[in-house]
Protein chains: 2
Amino acid sequence: MMRRDIQDMVKTLIAKKEDVGGIQHVYFVACGGSLAAFYPTKYLLESESKTLAIGYYTSNEFVQSPPKRLGPNSLVIACSHQGNTPETVEAAKISHGRDASVIVFTYTEDAPLSEYGDETIIYEWGDTSNVAHQKYNIGLRIGFELLHQIEGYEHYEKALSAFENIHDIVVNAKTHVARRAQEFAEKYRHEKLIYVLSSGASYGVAYQESICILLEMQWIHSSSFHSGEFFHGPFEITDSETPFLLLMNEGRTRILDERGLNFLNRYGRKVEVIDSKELGINRLDDAIVEFFNPTLLSNTLDIYNRELANARKHPLTQRRYMWKVAY
Amino acid sequence: MMRRDIQDMVKTLIAKKEDVGGIQHVYFVACGGSLAAFYPTKYLLESESKTLAIGYYTSNEFVQSPPKRLGPNSLVIACSHQGNTPETVEAAKISHGRDASVIVFTYTEDAPLSEYGDETIIYEWGDTSNVAHQKYNIGLRIGFELLHQIEGYEHYEKALSAFENIHDIVVNAKTHVARRAQEFAEKYRHEKLIYVLSSGASYGVAYQESICILLEMQWIHSSSFHSGEFFHGPFEITDSETPFLLLMNEGRTRILDERGLNFLNRYGRKVEVIDSKELGINRLDDAIVEFFNPTLLSNTLDIYNRELANARKHPLTQRRYMWKVAY
């Protein structure tokens with residue numbers, strides 16, 4: 001969807017709610033990687049909004065234990081790549097039944113999920129996609145539009161121009177890391193466990209890398225740690241044999257990631273860093289740059305993940321349970 | 001603090017804010033286990049409140065990137081066991097400076113954190129404490145009081161009587177698991193990695209067990225998974241060699257934990273279950289039982305953790321970095 005489309009879509013959704021008191025709550029509801037894709041927008045709204053209550057739920061918890069106030073003043077944003085994740089479809093259905101507005105994100109035309117959406121976003125995905133049209137960025141785009149149209153947002157124009165530039169930044173970064181991704185794969189191919197750290201808007205990327213790539217697609221043990229939480233427990237596991245992948249942000253929470261880096265450089269030995277700043281995210285304005293770290297880090301990780309899978313001869317598509325057995 | 005104390009404290013905090021529009025946001029701010037102790041109250045308010053926006057932050061992220069709306073309509077609830085965690089003290093200071101109301105939780109009299117608190121809660125802790133006066137439960141007690149006094153809460157009286165019974169339930173459960181905790185320790189003492197699962201109000205207990213006990217105090221690799229998220233990535237790591245500790249809730253999200261149990265019983269072999277229902281949580285009313293799972297599970301885990309530490313000859317107090325090196 002293009003700039004004008006999202007603007008108009010949000011305008012229409014807001015207008016529909018004018019008579020009942022407007023949009024007061026925004027709930028992000030999905031599972032796994034589809035949920036993590038909304039993390040930057042959750043972070044944006046929690047940081048910047050003066051009026052909205054924000055919720056972030058794995059779908060089945062939302063289904064079993066929906067917020068009491070879910071209703072006409074709620075906007076629910078749900079995502080399923082195939083558009084048929086049963087608990088996410090059910091969450092959208094429940095939301096629809098309570099007169100919430102529902103935006104569904106999916107990669108699949110005519111998906112069951114779309115049945116319960118006031119609006120359906122078909123996002124782009126994969127190597128040849130326009131980065132600004134990937135789910136991370138359409139989510140953010142909706143977030144900025146909600147801020148702008150509901151309560152005014154001083155950095156709105158800066159955010160809009162970021163969407164013009166993010167594609168080129170990401171494409172350049174992916175080329176830039178080609179060689180080091182190969183070296184990473186060579187170095188870590190025999191590891192049984194890799195931890196992932198990040199902070200701020202990018203914590204969701206660390207989570208996704210841990211649960212969707214390492215655990216799910218590579219059967220490598222893993223956890224994600226928030227860089228700020230690392231020093232309140234997890235860092236005691238640090239030693240020369242334990243691998244850490246640190247995803248560094250530019251912006252306000254960079255200082256948290258730097259603290260992690262300093263410690264790991266001192267007491268760890270297997271430390272791999274992907275740094276948004278070094279990869280060129282600073283072409284974006286300081287006022288909004290932090291919200292765009294995740295899309296750069298996530299796309300860059302695609303290169304690392306592909307190399308890791310190749311080096312391990314373990315295709316990213318290989319599963320033992322998912323879609324194969326009843327669960 | 002007793003029943004009357006918390007009632008009066010919340011009443012006073014609300015009254016102070018009457019002229020500026022009341023309490024509209026509640027932010028939980030702490031690090032590690034101190035943060036996880038507030039997870040049940042975050043879950044309670046997100047589920048039950050019709051008016052409050054809720055935030056849940058690791059302290060340094062809150063310090064670097066505070067919510068724009070943090071101000072006179074905010075209530076900040078911060079916790080530090082020793083009362084001197086620098087980023088938590090700083091978070092309370094920032095909140096105080098923006099005219100938010102601040103409640104601080106600590107185990108330590110005259111702590112630096114208390115300097116920025118409108119109210120200080122000295123909670124009880126350890127084996128001989130009154131369970132209703134532990135931080136988990138005082139947090140919940142404040143949560144129920146906020147619901148009751150700000151917007152009305154239909155199950156308020158049921159919640160109050162739960163606090164009368166929770167101590168006995170916990171003490172009985174701890175006795176009940178003594179033997180199986182020893183067997184657990186014997187069985188898992190040589191494991192290098194243990195995953196922890198839970199859902200609903202108890203996800204924070206799984207997180208705490210993973211980062212504060214296994215990683216920090218036992219140097220055992222670990223991650224926590226939300227039972228609902230497990231099937232969207234992590235479950236692919238399941239095999240006969242990987243240990244899982246499943247913390248089962250009574251209440252609305254039990255069905256998520258049961259799905260995890262069914263899968264793990266089928267495809268895993270090292271599966272340990274601690275089940276709130278089997279341990280007697282059902283003495284509490286159905287309408288509020290789920291919010292009390294965490295305190296039962298967390299206290300019961302103390303027995304398991306002590307046995308594990310003994311069996312491994314790795315004291316729970318042993319550290320290599322925390323409080324020992326600069327970080």
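The values are calculated or read from the model by the stated rules, or taken from the named source; none is laboratory data. Predicted model only: the values in this text are computed from it and were never measured. We place every Cβ from the backbone using ideal geometry, glycine too, and count neighbours over all the protein chains shown. SASA here: full protein model, heavy atoms, side chains in, ligands and nucleic acids out. Shrake-Rupley method; radii C 1.70, N 1.55, O 1.52, S 1.80 Å.
Restricting attention to the range B:107-121 and to residues that are touching a His at 6+ places or on another chain (Cβ under 9 Å) and not aromatic (Phe, Trp, Tyr), the residue that is most open to solvent (accessible area, probe 1.4 Å) turns out to be B:115. Every condition in (1) more than 24 Å from residue B:34 (Cβ to Cβ); (2) within 14 Å of chain B (Cβ to nearest Cβ); (3) touching a helix residue (DSSP H, G or I) at 6+ places or on another chain (Cβ under 9 Å) is met by residue A:282 except one, and the failing one is (2).
Considered as a group, the residues in the range B:184-213 that are assigned to a helix (DSSP H, G or I), within 11 Å of chain A (Cβ to nearest Cβ) and in contact with a strand residue (DSSP E or B) (Cβ under 6 Å, 6 or more places away or on another chain) include one that is farthest from residue A:234 (Cα to Cα), and that residue is B:203.
Within this structure, residue B:241 fails the test of being open to solvent by 60 Å² or more (accessible area, probe 1.4 Å) and touching a Ser or Thr at 6+ places or on another chain (Cβ under 9 Å). If only residues of the range B:252-272 that are open to solvent by less than 40 Å² (accessible area, probe 1.4 Å) and closer than 17 Å to residue B:239 by Cβ are counted, the one that is farthest from the other protein chains (Cβ to nearest Cβ) is B:272.
Determine whether residue A:312 is charged (D, E, K, R) and in contact (Cβ under 8 Å) with a residue 12 or more places away in the chain. So residue A:312 fits the description; yes. When residue B:37 is tested against the conditions (1) touching a Leu at 6+ places or on another chain (Cβ under 8 Å); (2) more than 11 Å from chain A (Cβ to nearest Cβ), the lone failure is (1).
Only one of the numbered conditions (1) under 20 Å from the mean Cα position of the chain (by Cα); (2) on the phi > 0 side of the Ramachandran plot; (3) open to solvent by less than 10 Å² (accessible area, probe 1.4 Å) is violated by residue B:233, and that is (1).
Taken over the range B:221-241, residues that are more than 8 Å from chain A (Cβ to nearest Cβ) and either part of a strand (DSSP E or B) or touching a helix residue (DSSP H, G or I) at 6+ places or on another chain (Cβ under 6 Å) (or both) amount to 2. In the range B:126-149, of all residues being at pLDDT 95 or above and outside any helix (DSSP H, G or I), the one that is surrounded by the fewest Cβ atoms within 10 Å (Cβ to Cβ) corresponds to B:130.
Within the range A:70-99, being free of Cβ contacts under 8 Å to residues at least 40 places away in the same chain and among the small types (Gly, Ala, Ser) holds for A:71, A:83, A:97. For the range A:284-327, filtered to residues that are of a type in the set (Asp, Glu) and over 19 Å from the mean Cα position of the chain (by Cα), the residue that is nearest to residue A:255 (Cα to Cα) is A:286.
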